[in-house]
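The values are calculated or read from the model by the stated rules, or taken from the named source; none is laboratory data. Everything quoted here is computed from the prediction, not taken from an experiment. Note: ideal-geometry Cβ built from the backbone for every residue, glycine included; neighbour counts use all protein chains shown. Heavy atoms of the whole protein, side chains included, go into the accessibility calculation; ligands, DNA and RNA do not. Shrake-Rupley method; radii C 1.70, N 1.55, O 1.52, S 1.80 Å.
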Amino acid sequence: MEDNKGMTIAIDTEQALAVATEAVRRAGKILLDLSDTALRVLSETGHDIKLEADRKSEEAILQFLAEKMPLPVLTEESGEHGIAEDTRAMWVVDPLDGTFNYARRLPLCCSCVGLWADGAPQVGAVYNFFTDELFTGIAGTGAWLNGRPIRTSGIREVSRAALATGFPTYADHSDQALRDFFERVKSFKKIRMIGTAALAGVFAACGRVDAYREKDIWLWDVAAAAAVAAGAGAKVAVRQGTVGKWSREVVFASSEEVFSALAH
């Protein structure tokens, strides 16, 4: 892979995973401590909410990454640090995915750090600090939950499959869009919306659900989870979205058959 000056660089994925893991653990401790205090809302518009906790946890991650493995960073709260391009090596950070859940103390939220290079997920760490569940993965190598190997369910029949999905901040909520959504998902046995793309993705990696699909989600929401899912044997697609440079349409699936039902 290349750095952002076009020079070829080698990335030690095991080292990168260790760095990502420690980064999310540090952020998770901050977020867990802050969850017991009054949560300061920085902004709340439409379907989105931002908390001071997002910023504080991001600062901790950025400082740690700069010390241990400096690369360009794409992060939710403060954007691009350095020249972030998805064809080259960069960290992709969401310090708090599931902010609304966190604000309501619903224990479905997490801190995420992924390494992205050559247009694809490489390494990911997703940490649900409320439940102390750490999902890690290296694409093409393996994936783990608290150090134990995980795999997808392997389910092939859509009629037996559970699908995790959601409506991201800039989703189309028109009647036609909702009808199209229903047509796409009605063949699945169960549909789950948990309010965090990253956890939905890693739940597909470990078989809690059998697939995850979302349109126009942001890369920072799914980059780390995509690496975990790829490491766990999922069929993974991350395609350009329609609402911005870093928006993506994603599909993670337990099998080729389930993937085919979602990928069109």
Worksheet item: Summing -39500 (n - 2.57) over the DSSP H runs of n ≥ 4 in the chain and dividing by its residue number, what mean residue ellipticity at 222 nm do you reach, to the nearest 500 deg cm²/dmol?
Response: -10000 deg cm²/dmol
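If a/c stays under 1.5 just call it rounded; otherwise compare a/b with b/c (prolate if a/b is bigger, oblate if not). Do that for the range 210-264, with a ≥ b ≥ c from the square roots of the Cα gyration tensor eigenvalues.
The shape class here is oblate.
Could you work out what % of the accessible surface of the range 110-264 is carbon and sulfur, using a 1.4 angstrom probe and leaving DNA, RNA and ligands out of the count? Walk me through the numbers on the way to the answer.
Values: 3020 of 6220 Å².
Of all accessible area on the range 110-264, carbon and sulfur atoms account for 49 percent.
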Worksheet entry | Charge dipole (the chain, unit charges on Cβ, about Cα centre) - positive-most of 107, 81, 155 | 155
Item to complete: Obtain the nm distance between the two label points defined at residue 32 and residue 87 by a simple spin-label model: each point lies 7 Å from its Cα along the Cα-to-C-beta direction.
Response: 4.2
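According to the square roots a ≥ b ≥ c of the eigenvalues of the Cα gyration tensor, what is the shape class of the chain, taking rounded for a/c under 1.5, prolate for a/b larger than b/c otherwise, and oblate for the remainder? Walk me through the intermediate numbers first.
Values: a/c = 1.44, a/b = 1.19, b/c = 1.21.
Here the chain falls in the rounded category.
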Fill in: Accessible area of residue 193 in the full protein assembly, 1.4 Å probe (Å², nearest 10)
100
Item to complete: Would you mind telling me which residue in 165, 37, 131 has the biggest mean-square fluctuation in a Gaussian network model of the chain, where springs connect alpha carbons within a distance under 10 angstrom?
Response: 37
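Top to bottom by accessible area (1.4 Å), largest first, where do 127, 212 land?
The residues order as 127, 212, largest area first.
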Worksheet entry | Label-to-label distance, nm, for residues given as residue 104 and residue 264 (7 Å Cα→Cβ offset) | 3.5
Fill in: Electrostatic dipole magnitude of the chain [Cβ: Lys, Arg +1; Asp, Glu -1; Cα centre; debye, to 20]
860
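On average, how much accessible surface per residue is there in the chain, in Å², for a 1.4 Å probe, leaving out ligands, DNA and RNA?
Details: 11830 Å² over 264 residues.
Ligands and nucleic acids excluded, the result is 45 Å² per residue.
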Worksheet, complete the sentence: Projected onto the charge dipole of the range 141-261 (unit charges on the beta-carbon of Lys, Arg, Asp and Glu, signs +1, +1, -1, -1), the Cα from 241, 223, 178 with the largest positive-side position is that of 223
Discussion item. Per residue of the range 220-228, what does 6.51 cos²θ - 1.76 cosθ + 1.60 with θ = phi - 60° give for ³J(HN,Hα)? Whole Hz please, x for Gly and Pro, Karplus curve as stated.
Written reply: 5, 6, 10, 4, 5, 5, 4, 5, 5
Item to complete: Taking all protein chains together and a probe of 1.4 Å, list 264, 173 from the most accessible to the least accessible.
Response: 264, 173
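Given the Cα-Cα distance of residue 208 and residue 174 and 0.36 nm per residue of separation, how much length would full extension add, in nm? Please list the in-between numbers first.
Working: separation 34, 0.36 × 34 = 12.24 nm, distance 3.01 nm.
The residue 208-residue 174 span can extend by a further 9.2 nm.
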Discussion item. What distance in nm lies between label points placed 7 Å from Cα along the C-beta direction at residue 15 and residue 118?
Written reply: 1.8
